[in-house]
Amino acid sequence: MTAYRVALIDWDESHVDVPDLDLALPRNAADLDDGAYDIAAQAAAAWEAAVCWKDEYAVKRLAEVLAV
C-alpha cells in the first residue's frame, strides 16, 4: 500500500493442483489440438466440480463432463 495505490491479494481460490488442468485456457490459448483441448476442458470441469461446494456452479461444471 502506498499513498497512490492499494493492492489486494485474494487467496480464496489459491490452491495446489495438477498443472495440466490449467491447459484448458480460454479460447484454447495453449493451442492444443481439438481432442487434447476437449480432454483438458473436461478434466478441468470435473476437478472444479469435485472440489467446489455443492452449488449451482459445481453442478454446471459437472454437466460439462461427458459420460464415459
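Values as computed for the structure displayed
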item	result
Residue count for the range 1-29, restricted to those that are exposed (fewer than 12 other Cβ atoms within 10 Å of the Cβ) and assigned to a loop (DSSP other than H, G, I, E, B)	19
In the range 32-44, the residues that are surrounded by 10 or more Cβ atoms within 10 Å (Cβ to Cβ) and more than 12 Å from the chain's Cα centre (by Cα)	Leu32, Ala36, Tyr37, Asp38, Ile39
Residue check for Trp47: aromatic (Phe, Trp, Tyr), modelled with pLDDT under 80 and either outside any helix (DSSP H, G or I) or surrounded by 10 or more Cβ atoms within 10 Å (Cβ to Cβ) (or both)	no
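The values are calculated or read from the model by the stated rules, or taken from the named source; none is laboratory data. Since the structure is predicted, the reported quantities are computational estimates derived from the model, not experimental observations. Heads up, the Cβs are rebuilt from the backbone with ideal geometry, glycines too, and the neighbour counts pull from every protein chain shown.
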